[in-house]
1. Given (1) at positive phi; (2) surrounded by fewer than 17 Cβ atoms within 10 Å (Cβ to Cβ), where does Asn158 come up short, assuming only one miss?
2. Do we find that Val110 is assigned to a loop (DSSP other than H, G, I, E, B) and over 21 Å from the mean Cα position of the chain (by Cα) in this structure?
3. What pairs come up if the first residue lies in segment 111-128 and is free of Cβ contacts under 8 Å to residues at least 60 places away in the same chain, the second is loosely packed, with under 13 Cβ neighbours inside 10 Å and of a type outside the set (Lys, Arg), and their beta carbons are under 7 Å apart, counting only those six or more places apart or on different chains?
4. In segment 178-194, which residue that is surrounded by 24 or more Cβ atoms within 10 Å (Cβ to Cβ) and among the hydrophobic types (A, V, I, L, M, F, W, C) is farthest from Ala212 (Cα to Cα)?
5. For Val139, only one of the following conditions fails: (1) modelled with pLDDT of 95 or more; (2) in a loop (DSSP other than H, G, I, E, B); (3) over 18 Å from the mean Cα position of the chain (by Cα). What is its number?
6. When residues of segment 159-190 are filtered for being of a type in the set (S, T, N, Q) and touching a Gly at 6+ places or on another chain (Cβ under 7 Å), how many remain?
7. Mind checking which residues of segment 19-43 are among the polar types (S, T, N, Q), assigned to a loop (DSSP other than H, G, I, E, B) and farther than 28 Å from Ile182 by Cα?
8. Quick check: anything in segment 65-74 in a loop (DSSP other than H, G, I, E, B) and modelled with pLDDT of 95 or more?
Amino acid sequence: MGTQANPPMPTAGEHPKLTGSGWDASWNPNLAVNTVQVVAGLKCSPTQTWTDQPGDNEDRPINCLTWYEAMAFCMWDGGYLPSEAEWNYAAAGGDLQRAYPWSSRAAPLVLDGSHASYNDGTDCVGDGMAKCLLTDLVVVGSKPLGDGRWGHSDLAGNVFEWTLDWYAAVYPNPCADCAELIAGPTRGIRGGSYLDTATYQRTGARNYDGPANRVDYVGVRCARSAP
């Protein structure tokens, strides 16, 4: 699943609370032709985390994948892409509305390399070494001081994460089980990355990218319904 040779079934991967959010067959041409082309695409940068053979990157976040591949992967893995609102709820700690996922309340703005892999304005600080390197894409969960209210790791830094939504400049507020499903040019990404400064690590920071783009600062986090 996840190639033009074996695309997802129409409506597959639908968010359990958002009718019409599943796979659209018109997206099939945006998938790689076959697995060989997928693998080639995952090698988009010197800081790609994909390797053809298992190695030191197995526990780093995947990057260089398109929104379409992220969507297809999540449904193959038994989950779905979270909506922006769902992602934000987890990152902000629900009603606590934390400034950063680890903040004890809204106001504290403590942020350093022990909390997240990000750019402090002069350098990437994830690995504690100079320059922005592959090692700044740190092993998932290796910065527990940055965990969110419910134990999610790396909700800030490392890589931005694709969300279900098409990006809308004005997001619904209040929002209950909502998502922007009207097609546009870009999809929402959340969470900041190892290349981004403190502002982008905030739980309320929003950004976007083209769904067919492959970049080393965007990855994916799949969601699942509670048992």
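The values are calculated or read from the model by the stated rules, or taken from the named source; none is laboratory data. Because the structure is predicted, anything quoted here is derived from the model rather than measured. Every residue, glycine as well, gets a Cβ built from its backbone with ideal geometry; the counts of neighbours run over all protein chains shown.
1. (2)
2. Details: assigned to a loop (DSSP other than H, G, I, E, B): yes; over 21 Å from the mean Cα position of the chain (by Cα): yes.
Yes, satisfied.
3. Final answer for the pair search is Gly113/Gly128; Ser114/Leu145; His115/Leu145; Asp123/Ala130.
4. So the first thing to find is which residues in segment 178-194 are surrounded by 24 or more Cβ atoms within 10 Å (Cβ to Cβ), and the list is 179, 187-194.
Those left that are additionally among the hydrophobic types (A, V, I, L, M, F, W, C): 179, 189.
Details: Ala179: 20, Ile189: 13 Å.
Per the stated criteria, the residue is Ala179.
5. (3)
6. Within segment 159-190, residues that are of a type in the set (S, T, N, Q) and touching a Gly at 6+ places or on another chain (Cβ under 7 Å) number 2.
7. The first filter runs over segment 19-43 and keeps only residues among the polar types (S, T, N, Q), leaving 19, 21, 26, 28, 30, 34-35, 37.
Within this subset, residues satisfying the condition of being assigned to a loop (DSSP other than H, G, I, E, B) are 19, 21, 34.
Residue satisfying the conditions is Asn34 alone.
8. Here is the first cut: in segment 65-74, the ones in a loop (DSSP other than H, G, I, E, B) are 65-66.
Next, only the ones that are modelled with pLDDT of 95 or more stay: 65-66.
Yes; the residues of segment 65-74 include at least one that is in a loop (DSSP other than H, G, I, E, B) and modelled with pLDDT of 95 or more.
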